[in-house]
1. Looking at B:Arg13, B:Arg79 in this structure, which one is over 19 Å from B:Leu209 (Cβ atoms) and surrounded by fewer than 17 Cβ atoms within 10 Å (Cβ to Cβ)?
2. Among the candidates B:Ala151, B:Ala97, B:Ala120, B:Ala130, single out the residue that is aliphatic (A, V, I, L, M) and surrounded by fewer than 20 Cβ atoms within 10 Å (Cβ to Cβ).
3. Name the pairs: first residue in segment A:77-89 and closer than 26 Å to A:Leu21 by Cα, second residue in a helix (DSSP H, G or I) and of a type in the set (Ser, Thr, Tyr), Cβ to Cβ under 9 Å, at least 6 apart or on different chains?
4. Here is a list: A:Phe143, A:Phe56. Which entry is more than 14 Å from every other protein chain (Cβ to nearest Cβ), out of contact with any Gly (no Cβ under 6 Å at 6 or more places or on another chain) and of a type in the set (A, V, I, L, M, F, W, C)?
5. Where the second residue is part of a helix (DSSP H, G or I) and of a type in the set (Asp, Glu) and the first is within 24 Å of A:Leu165 (Cα to Cα) and lies in segment A:53-73, which pairs have Cβ atoms under 8 Å and are six or more apart or on separate chains?
6. So which residues in segment B:135-194 are in a loop (DSSP other than H, G, I, E, B) and touching an Asp or Glu at 6+ places or on another chain (Cβ under 7 Å), if there are any at all?
7. Listed residues A:Leu12, A:Leu21; which is in a helix (DSSP H, G or I) and crowded, with 18+ Cβ neighbours inside 10 Å?
8. Looking for whichever is closer than 26 Å to B:Asp237 by Cα, touching a residue at least 12 places away in the same chain (Cβ under 8 Å) and surrounded by 16 or more Cβ atoms within 10 Å (Cβ to Cβ) here; the options are B:Glu54, B:Glu18. Which one fits?
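The values are calculated or read from the model by the stated rules, or taken from the named source; none is laboratory data. Everything numeric here is computed off the predicted structure, so don't read it as measured data. Methodologically, a virtual Cβ is constructed for each residue, glycine included, from the backbone with ideal geometry; neighbour enumeration extends over all protein chains shown.
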Amino acid sequence: MDFRWDVVWNALPQMVDGAQLTAQITLLGIGGGLIIGTLCGLVTAFRVPILHWLVFAYVSVIRGTPIVVQAMFIYFALPLALDITLSGFAAASLCLAMNAGAYITEIVRGAVQSIDKGLQDAGLALGMSYPQVLLSIVGPLAFRRTIPPLGNQFIISLKDSALFLVIGVAELAQKGEQLTAQTGRALEIWTAVAVFYLIMTFTLAMIMRLIERRMRIL
Amino acid sequence: MSPLITCRKLHKRFGAIEVLRDINLEVHTGEVVVIVGPSGSGKSTLLRCLNVLEPISGGELEVGGKRLGDRRTRKRDIRRETGMVFQQFNLFPHMTARENVMLGPRKVRRQSRREAAALADRLLDRVGLADRSHHYPSELSGGQQQRVAIARALAVNPRVMLFDEPTSALDPELRGEVLQVMQGLAAEGMTMLIVTHEMRFAADVASRLIFMDEGRILHDGDPKVLFESPPSDRFRDFLRHVQT
């Protein structure tokens, strides 16, 4: 079987559209996930009364169910229950943010708890207040430790966005399916889709590597 | 003159385990008190209670005229009267030596960056590390790290310095430089409480020796007298163990 470059060439505009949507959903997803994960991670790290049980439940539900099921639930079940309508794009971004948020919660909790207690003692012994110790010592150190696992999570989220084809969002993977149906050229289309994903994940990985190098990871 | 540190009937419990029992202690300005005893005897816990890093379970504590439990006294107020040096140094790894020393003055004494930097340079010079001020802790030897830690503790201008086994984590050849700095402080009249296993140092520098065992102060007196004629079998045994 020969590889028809013209199929790839003709499909490019649509794929770029799909890739753009994938990028938008991913950015909203990891942005939202960072906010959710940071707040929830701090809640569990400092065992905030009552709230940390809620966070525990949230993380358990997300980690305990497949992300496809979460996407289906948010797109089809949630609007019925709450009597609202959600666009596919909104449902996808929300789903990815909720999903990434749960994993980032664990990343943040782990980072905060990994900071040597002795450093906290050293700050307190100087006469600093607890909030001062958190802001000048524990926070900056924990932040550095989240960078490598966060990079990992960002890449996972980007790739997870492919499954939103099940709720009909016209992101990259869904475009791939559509174009295959139109052209009947699975080899060319899926190769091109894979290369698109590779370029995006590789770019993300390089950005994280750069941040890592800019900061002294301790 | 009233004592700088006063403990009355101080107790400390970790769950069901009594770590400190009925500690009565007065330390006056200028004293260099060395605390020795077998591991698990409560020496480190006692130091950590004195600056309230460990909450006490009972009794009274007064440091620099600030009484724990008074409505106006915060834990922080007591900690500001004391400087602490830890066995594991506990330098802030994301800050240079100079920034480590500056943090206390900046956050606690509300000094400007310039004032704090000048103070840090002065203190680093005093511990012999003027040329290392821009190094990160990971770039310093253990002995150098501990000397930075001493400068950091001094920077908030404490009235008493607490040393928790400051040389125990160091290779033998690096201990001297730390002990030398401590000896210098003692000579300048700094009030110090030192938990250590360095008996030579205790004999040379201490103005007072405390022997702790099973959470109690067993002996408290002149180091020369205690070392020359140990008043109990427990202390004699202990000395035999550390000297071999």
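1. Just one listed residue meets the conditions, B:Arg13.
2. B:Ala130
3. From residues that are closer than 26 Å to A:Leu21 by Cα, the pairs are A:Leu86/A:Tyr75; A:Gly88/A:Tyr75.
4. A:Phe56
5. Cβ pairs passing all conditions: A:Ile67/A:Asp160.
6. The answer is B:Pro158, B:Arg159, B:Thr167.
7. The conditions single out A:Leu21.
8. B:Glu18 is the lone residue from the list that is closer than 26 Å to B:Asp237 by Cα, touching a residue at least 12 places away in the same chain (Cβ under 8 Å) and surrounded by 16 or more Cβ atoms within 10 Å (Cβ to Cβ).
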